[in-house]
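First the structure, in the form of C-alpha cells, and then the observations on it.
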Amino acid sequence: MVSLLANSYDRYAKLFNGTHKSHVHSPAEAEALLKFKPFIDSSSLMNDLKEMELTAAKALEYFRSTRHIFLYYEDLIRDPTKLVDVQKFLKVPLMKLTSRQVKIHQGSLTELIWNWDEVNKTLQGTTYESFLGADY
C-alpha cells in the first residue's frame with residue numbers, strides 16, 4: 001500500500017525532471033521517492049483492505065480453471081531462487097534472471113507512513129494486524 005501511494009504521488013509530482021517513474025533503477029531515484037511519506041486514511045482503511053481481499057478472491061475465482069502459481073513480492077526478496085520455480089512453471093529454459101530495480105521502501109513501516117500511530121491503532125486486534133510488523 002505504501003508503494004502504491006508513493007507511486008500515485010509521483011504520477012502527479014513527477015519528481016524526475018518532470019517525468020513519472022513507477023520503478024527506479026538507482027539509489028538516488030529511490031531516495032527521492034522515499035522522502036514521500038503517505039498519509040493513509042484510517043477511517044476507510046479496514047474497508048479498503050476488505051475490498052482488496054474481495055478483489056483478489058474474485059480474481060482467483062475467475063482464473064480457477066487456469067493453471068497458475070502464487071508468487072509474492074516478499075518471497076522474491078527473501079528467496080531469489082523463487083524465479084527458478086516461475087521458469088519451471090512456465091516451462092521455459094532456465095536462465096539467471098536479474099533486475100535493475102532498486103528497492104525504494106525499506107525498513108520499518110513506522111518510518112514510512114506519515115500517520116503511523118493512527119494506522120497502527122486501526123489495525124491492532126484485526127485480521128490485518130500481521131501487516132503491522134512487516135519489514136519492507
Within segment 18-25, identify whether any single residue is in a helix (DSSP H, G or I), over 17 Å from PHE131 (Cβ atoms), of a type outside the set (Gly, Ala, Ser) and at pLDDT below 80, and answer yes or no. no
Give me the pairs, please: first residue somewhere in segment 42-61 and in contact (Cβ under 8 Å) with a residue 24 or more places away in the chain and part of a helix (DSSP H, G or I), second residue anywhere and surrounded by 11 or more Cβ atoms within 10 Å (Cβ to Cβ) and aromatic (Phe, Trp, Tyr), beta-carbon distance under 8 Å, and either six or more positions apart or on two chains. MET46/TYR128; LEU49/TYR128
May I ask you to list the residues in segment 64-101 that are exposed (fewer than 10 other Cβ atoms within 10 Å of the Cβ), farther than 27 Å from PRO27 by Cα and among the charged types (D, E, K, R)? ARG64, ARG67, LYS91
Please work out which residue is farthest from the chain's Cα centre (by Cα), limiting yourself to segment 32-50 and to residues that are loosely packed, with under 11 Cβ neighbours inside 10 Å and of a type outside the set (D, E, K, R). SER43
Working only within segment 72-94, note down all residues that are over 30 Å from GLY107 (Cβ atoms) and assigned to a helix (DSSP H, G or I). GLN87, LYS88, PHE89, LEU90
So GLU53 clears everything in (1) modelled with pLDDT of 75 or more; (2) more than 16 Å from the chain's Cα centre (by Cα) except one condition, right? Which one? (2)
Within the set of pairs 6+ apart or on separate chains, which have a first residue in segment 120-136 that is over 20 Å from PHE39 (Cβ atoms) and surrounded by fewer than 11 Cβ atoms within 10 Å (Cβ to Cβ), a second that is modelled with pLDDT under 95 and among the aromatic types (Phe, Trp, Tyr), and C-beta atoms under 6 Å apart? none
Which count do you get for residues in segment 110-136 that are of a type in the set (A, V, I, L, M), closer than 20 Å to GLU29 by Cα and assigned to a helix (DSSP H, G or I)? 1
Pair list, Cβ < 6 Å and 6+ apart or interchain, from segment 79-104 residues that are closer than 29 Å to LEU34 by Cα to residues that are modelled with pLDDT of 85 or more and in a loop (DSSP other than H, G, I, E, B): LEU83/LEU97
Within segment 85-112, which residues are of a type outside the set (Phe, Trp, Tyr) and modelled with pLDDT of 90 or more? ASP85, VAL86, GLN87, LYS88, LEU90, LYS91, VAL92, PRO93, LEU94, MET95, LYS96
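The values are calculated or read from the model by the stated rules, or taken from the named source; none is laboratory data. All figures in this text were calculated on a predicted structure; none of them were measured in a lab. A quick note on method: Cβ atoms are made from the backbone with ideal geometry, for glycine too, and the neighbour counts reach across all protein chains shown.
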